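The structure appears right after this line, and notes come after that.
The values are calculated or read from the model by the stated rules, or taken from the named source; none is laboratory data. Everything numeric in this text was worked out from a predicted model, so none of it was measured. Glycine gets a Cβ as well: all are built from the backbone with ideal geometry, and neighbour counts include every protein chain shown. Ligands, DNA and RNA are stripped out before the accessible areas are found, and what is left, the full protein with its side chains, is counted by its heavy atoms. Shrake-Rupley method; radii C 1.70, N 1.55, O 1.52, S 1.80 Å.
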Amino acid sequence: MSETAYRAQEFGDLLRSRRERLQPADVGLPPGARRRTRGLRREEVAQLAAISATYYTYLEQGRELRPSRQVLDALADALRLDAAERVHIHELVHGIPPVARPPRPETAPAALVALVDRLDPCPSYVTGRYWDVLAANRAARALWTDWPALPLEDRNQLWWMFTAPEAREVMVEWEHEASALLGRFRAAAARHPGDAGFAALLDRLRSASPEVRDWWPRHDVVPLSSGTKRLRHPRLGELRLQHLVLQLADDPDRKLVTFTAPDEDLARIAELSP
């Protein structure tokens, strides 16, 4: 069985199982005549989702169709799917979950903020879906910039990288780092088609940065990865830091980035003030 056929069969089985769990009263329908099968009738689900009964029947049968996201959402509403099930049917049919734009501004959980602070003097920070800096410990603020002191709309790694003059001093390999960050932003935007937050930030960056205007048409895509960064500090000189990127299990768009360095460099970083 091909992967497409497998996914279609899984989708059909899920629809049938959830239909059979529901009673007419659960969805606001009258009980009607005596029922020969468990749960709702296919016609009733189709009616609730505003699609044809024949089309719904084909979906339950596991035919290799590709219902739109709007149809999937309508089916999810009709069958009273929970949030995880809703995401799952989108992944089965389209391969990626539906767009669920986070609230603005995003925040980091208190436990994560506390962890970031405890990692000091290892520079550490948390970024959100659009690379807004949601938390940063003392060491990170001392080496990059004092994020909490910036206006809320400017607490964004891309905005800082492409518009702050000090970014070109701090990042020894600025062009490499900036282009890679833009490539990671493009890869993330592709996973969230239709999310206006990406378009809004991109428009803002294009208006402010000639590099973004020049580089975006290249369509470079860069995955998240750990590695090495070279930073420059006016007191400490050049530092070579190894970094690790961790994604939260319950929200992969939130990323914890933590850095380490030789003990002597960490001792010097510990003496800095943001």
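Inter-part distance, segment 146-207 to segment 1-80, computed on C-alpha centroids, equals 43 Å. Compare the Cα positions of Thr228, His243, Gly197 along the charge dipole of segment 160-274 (+1 at Cβ of Lys, Arg; -1 at Cβ of Asp, Glu; about the Cα centre) and return the one farthest towards the positive end. Among Thr228, His243, Gly197, the one farthest towards the positive end of the dipole of segment 160-274 is Gly197. As a calculated quantity, the FRET efficiency between Ala25 and Glu91 at R0 = 25 Å, using C-beta atoms, amounts to about 0.25.
Per-residue extension of 0.36 nm, minus the Cα-Cα distance of Arg80 and Tyr6, leaves a gain of 24.3 nm for this segment.
Membrane-span-like helices of the chain, defined as complete DSSP H segments with a Cα extent of 20 Å or more along the helix axis and a mean Kyte hydropathy of at least -1.0, are identified as 174-191. Taken one residue at a time, the phi angles of segment 229-241 give Karplus couplings (6.51, -1.76, 1.60, θ = phi - 60°) of 10, 10, 10, 10, 10, x, 9, 8, x, 7, 10, 10, 10 Hz. Gly and Pro are set to x.
A cut-off of 5 Å between modelled amide H atoms, ignoring neighbours fewer than 5 places along the same chain, links Val245 with Ser226. For the chain, the dipole from Cβ point charges (+1 on Lys and Arg, -1 on Asp and Glu) about the Cα centre works out to 1060 debye, to the nearest 20. In terms of its C-alpha gyration tensor, segment 78-158 has a prolate overall shape, because the principal axis ratio a/c (a ≥ b ≥ c, square roots of the eigenvalues) is not below 1.5 and a/b outweighs b/c.
Considering only Arg191, Arg18, Arg232, the mean-square fluctuation computed in a Gaussian network model of the chain, springs between alpha carbons under 10 angstrom, is largest for Arg18. Couplings 3J(HN,Hα) of segment 151-168, computed from phi: x, 3, 6, 9, 7, 9, 4, 5, 4, 5, 4, 9, 10, 8, x, 5, 4, 6 Hz, in residue order, whole Hz [Karplus 6.51 cos²θ - 1.76 cosθ + 1.60, θ = phi - 60°; x for Gly and Pro]. Anisotropy class assigned to the chain is prolate, per the alpha carbon gyration tensor with a/c at or over the 1.5 cut-off and a/b larger than b/c.
Rounded if a/c is under 1.5, else prolate if a/b is larger than b/c, else oblate: which is segment 1-76, with a ≥ b ≥ c the root eigenvalues of its Cα gyration tensor? Prolate shape, in that a/c is at least 1.5 and a/b is the bigger ratio. Ranked from largest to smallest solvent-accessible area, with a 1.4 Å probe on the protein heavy atoms, Ile96, Ile269, Ile51 come out as Ile96, Ile51, Ile269. Magnitude of the charge dipole for segment 130-274, about its Cα centre and with charges confined to Cβ atoms of Lys, Arg (+1) and Asp, Glu (-1), is about 120 debye. Ordering Tyr55, Tyr6, Tyr125 by accessible surface, largest first, gives Tyr6, Tyr55, Tyr125; the 1.4 Å probe counts only protein heavy atoms, with every chain in place.
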